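The values are calculated or read from the model by the stated rules, or taken from the named source; none is laboratory data. Everything quoted here is computed from the prediction, not taken from an experiment. Glycine gets a Cβ as well: all are built from the backbone with ideal geometry, and neighbour counts include every protein chain shown.
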Amino acid sequence: MEDALVDLKGLAQSRSALDKALASAKDTKRLSQERFDKGLTAYLEVIDADRSILQTRLALAQVDAQQRITLAALAKALGGGWSGK
């Protein structure tokens, strides 16, 4: 049970860092698109920025899933049941 609480804290920290990373990736994408629109860079830079956003979103989804799994395990360890209502 204590491990689950430690895991949740770590996952919350990961989530916070990934939220910041996603905001940064979106800014990078916006700037890349502006640079491309002005003819200052190749479209590859825009594609790379999109890839970074997608990778960060995937990491966020993985952290969210792990949080839910950990919460369910914690509830079970505390003797909680699962209501299908």
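Some observations on this one:
- Asp7 being within 26 Å of Ala75 (Cα to Cα), acidic (Asp, Glu) and touching a helix residue (DSSP H, G or I) at 6+ places or on another chain (Cβ under 6 Å): yes
- Taken over segment 19-32, the residue count meeting the criterion of being under 30 Å from Asp7 (Cβ atoms) and surrounded by 14 or more Cβ atoms within 10 Å (Cβ to Cβ) is 4.
- Residue under evaluation Trp82, criteria (1) surrounded by 12 or more Cβ atoms within 10 Å (Cβ to Cβ); (2) among the aromatic types (Phe, Trp, Tyr); (3) modelled with pLDDT under 95, criterion not met: (1)
- Scan of segment 33-70 for residues that are among the β-branched types (Val, Ile, Thr), modelled with pLDDT of 95 or more and either within 30 Å of Leu5 (Cβ to Cβ) or surrounded by 15 or more Cβ atoms within 10 Å (Cβ to Cβ) (or both), ordered by number: Thr41, Val46, Ile53, Thr56, Val63
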